[in-house]
1. Give me a count of the residues in the stretch 42-83 that are at pLDDT below 95 and outside any loop (DSSP other than H, G, I, E, B).
2. Kindly list, by first and then second residue, each pair from a residue in the stretch 200-217 that is in contact (Cβ under 8 Å) with a residue 24 or more places away in the chain to a residue that is of a type in the set (Gly, Ala, Ser), limited to pairs with Cβ atoms under 6 Å and residues at least 6 apart or on different chains.
3. From the list Ser165, Ser177, pick out the single residue that is surrounded by fewer than 21 Cβ atoms within 10 Å (Cβ to Cβ), among the polar types (S, T, N, Q), modelled with pLDDT of 95 or more and closer than 17 Å to Cys39 by Cα.
4. Tally up the residues in the stretch 199-216 that are exposed (fewer than 15 other Cβ atoms within 10 Å of the Cβ), β-branched (Val, Ile, Thr) and within 25 Å of the chain's Cα centre (by Cα), please.
5. Scan (1) in a helix (DSSP H, G or I); (2) within 15 Å of the chain's Cα centre (by Cα); (3) under 19 Å from Cys39 (Cα atoms) for the single condition Phe182 breaks and write down its number.
6. How about the stretch 19-36: which of its residues are at pLDDT below 95 and part of a helix (DSSP H, G or I)?
7. If Leu129 passes every condition in (1) under 24 Å from the mean Cα position of the chain (by Cα); (2) part of a helix (DSSP H, G or I); (3) hydrophobic (A, V, I, L, M, F, W, C); (4) crowded, with 18+ Cβ neighbours inside 10 Å but one, which one does it miss?
8. If Glu115 satisfies all but one of (1) of a type in the set (Asp, Glu); (2) in a helix (DSSP H, G or I); (3) touching a residue at least 24 places away in the same chain (Cβ under 8 Å), what's the number of the condition it fails?
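The values are calculated or read from the model by the stated rules, or taken from the named source; none is laboratory data. Since we're looking at a predicted model, the values are computed, not measured. Because the Cβ atoms are built from the backbone with ideal geometry, glycine has one as well, and the counts that use them run over all protein chains shown.
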Amino acid sequence: MYHYADKAGLVDSDEDEDASIGPGWIQWFCSLEGHEFFCEVDEEFLRDNFNLHGLRGRIRLYDQALDMVLKSEPPDDDEQTDPTFMEIYRDAADLYGLAHARFIITPRGLQAMREKFLRGQFGHCPRALCDRQTCLPVGLAEDLRTARVKLYCPKCQEVYLPKGSKGDVDGAFFGPSFPHLFLQAFSSLVPLDIPTPFVPRVFGFRINGKKSIVEGKLELGEYGRSTVSQYKPEGPSSEIRAAPPWSEKICAVQLNTMQQQQQQQQAEHILTSDPEEAAGVGDRPGGAGEGGSAAPPPVI
């Protein structure tokens with residue numbers, strides 16, 4: 001794990017406000033549009049070389065980037081138009097992001113992300129049946145410029161694309177381990193109810209052999225062993241009872257239509273294959289000629 005001088009908990013908010021001189025580069029960076037998922041990494045964490053071990057080889061302008069991150073003042077408008085500043089800024093953003101991925105799995109980092117989670121700042125699951133479950137940011141890789149940040153839903157345990165500019169952030173700034181360590185640290189935030197699977201139906205009848213991803217996970221127990229006993233798949237009897245009354249009428253109409261088409265095809269086949277037999281069709285009992293009456297059309 002990473003070093004931290006004070007692991008007892010968060011510093012009191014009043015003391016923190018008194019200790020801070022003003023908004024520095026870190027506060028400015030986290031306040032930019034699209035950076036809502038970031039929390040403010042403590043300077044104490046960034047000044048400890050152990051916490052940044054291995055990052056020097058991944059950042060080209062490491063020393064200049066670290067100096068920029070630790071500045072006590074945000075950049076002004078003139079600096080933001082300077083090409084040299086922007087070159088260092090790109091490395092500073094990468095350095096801060098990689099350090100951020102390490103910070104958010106420390107006790108103080110987890111607590112800071114917990115406050116964002118409770119406020120719903122990470123967004124909600126776009127899956128309708130998850131009932132607006134609050135999500136967590138996750139990266140699919142630890143390497144830079146491999147994949148952008150995604151949203152992990154603790155209920156259905158799937159990942160989704162964030163909305164707007166929030167999805168333009170590199171996923172390495174959060175890492176693939178964060179949401180799972182977060183839910184282990186705060187087990188009370190793990191959803192207790194199992195996700196509701198979507199059941200595809202046609203006229204009220206369930207389609208045979210069709211299962212959603214969530215339903216397959218429930219049957220395999222991927223949401224936990226306790227969910228296997230909670231989940232009760234629907235049987236054939238419940239499917240029939242759930243069918244609406246108008247579906248039977250539709251099936252009867254379709255069946256009568258098919259029977260009429262078959263009778264018409266048989267009559268056309270007789271006319272084309274054997275004209276003499278076709279001429280005697282009306283003379284048969286029950287035929288349309290003398291001594292017989294035409295069969296009444298099927299009642300729909």
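1. Qualifying residue count, the stretch 42-83: 5.
2. Phe203/Ser247; Gly204/Ala242; Gly204/Ala243; Gly204/Ser247; Phe205/Ala243
3. On the way: Ser165 fails: modelled with pLDDT of 95 or more.
Answer to the check: Ser177.
4. 2
5. Of everything listed in (1) in a helix (DSSP H, G or I); (2) within 15 Å of the chain's Cα centre (by Cα); (3) under 19 Å from Cys39 (Cα atoms), Phe182 misses just condition (2).
6. Across the stretch 19-36, the qualifying residue is only Ala19.
7. (4)
8. So Glu115 meets the others, but not (3).
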